[in-house]
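The next block holds one structure in the form of structure tokens; read it before the comments.
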Amino acid sequence: MTERQQLILSAIVEQYAEVASPVGSSLLAKLFNVSSATVRADMVELERMGFISQPHTSAGRVPTDKGYRFYVNNMQEIDQTLPAGRAEKALATRVQGAGAPERMIRNAVETLVELTHNLGMATIGNQLYMSGLSNLFGQPEFIQTGQVRQVAQLLDNLEPWLREAAPNEPLSVYIGEENPIGRSAGCTLVICRFRSPFSDHSYIGTLGPTRQSYREVMSLVARAGEELEEVLYANR
């Protein structure tokens, strides 16, 4: 993949997350100051390699699961040493002012729901707390009954899967068909492991469509896990 093709793929991922409609060559041509023909040629090559697809004739392109994975893998590493922005400060305030550990975790989940517009979840002991179902099913991707059924299957099996699989990475991202359950649901699960009084393998994260702002969501989920671990262990 050429450097320009990589930039075009990133732009398609980011633009599609924002507008929820296929991204055309004319927009990208203006963005990169090249001709539409040049962009179309690069898009044809990206499609041939499986990173983007064309939903229908004469439409723009959308990322595939492979395209999202390439984007996430090549994203600059999230720098947790950067000064906290408004969203991170709101998250910290909601966690620190909650009182009891269970309330801290619930507040963190509810704040993630507000900030990412995804479904938020966290383990509290042996239970999985979820919030924001209306956010998830309000997304345009989930208007088909079959798609909703796949998402419901994923949610039904998420708690036992987390208990059995116990992902070891501090931050894990499962895109589309990478999900261990509900592979056809068109969802991305972003999950962060943290230590809590309930377990050394507690989890907090979000579930949303594959079309989302990965940099923002991954950063917020990682911050939530770090904030919870720091506050919960400071109070022990």
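The numbers here are math on the coordinates, done by the rules we state, and not lab data. What you see is a predicted model; the values in this text were computed from it and never measured. Quick reminder, even Gly has a Cβ in these numbers, built from the backbone with ideal geometry, and neighbours come from all protein chains shown.
Annotations for the structure displayed:
- Sorted on the mean count of surrounding Cβ atoms within 10 Å across their residues, most packed first, peptides 160-169, 193-202, 217-226 read 217-226, 193-202, 160-169.
- Residue-wise HN-Hα couplings along segment 131-141, as the Karplus relation 6.51 cos²θ - 1.76 cosθ + 1.60 with θ = phi - 60° gives them from phi, are 8, x, 4, 5, 4, 5, 7, x, 6, x, 5 Hz; Gly and Pro carry x.
- Value of [θ]222 nm, deg cm²/dmol, for the chain, DSSP H segments ≥ 4, -39500 (n - 2.57) each, nearest 500: -16500 deg cm²/dmol
- Calculated SAXS-style log₁₀ I(q)/I(0) at q = 0.08, 0.12 Å⁻¹ - the chain, Debye, Cα scatterers: -0.32, -0.69
- Separation of the ARG48 and ILE181 label points, Cα + 7 Å toward Cβ, nm: 4.1 nm
- Surrounding net charge for LEU133, when Lys and Arg each add one and Asp and Glu each subtract one, Cβ distance under 13 Å: -2
- Helix 65-74 and the long axis of the chain differ in direction by around 70°, with both axes built from C-alpha atoms.
- Residues of segment 216-232 falling in the label zone of ALA90, defined by backbone nitrogen less than 17 Å from a point 7 Å along Cα to beta-carbon, are 216-225.
- Our note on the geometry: Cα centres of segment 43-75 and segment 104-120, 29 Å apart.
- When only Cα pairs below 8 angstrom with a gap of at least 6 residues are kept, segment 3-74 shows a relative contact order of 35 percent.
- To the nearest ten degrees, helix 86-96 and the longest principal axis of the Cα atoms of the chain are 20 degrees apart.
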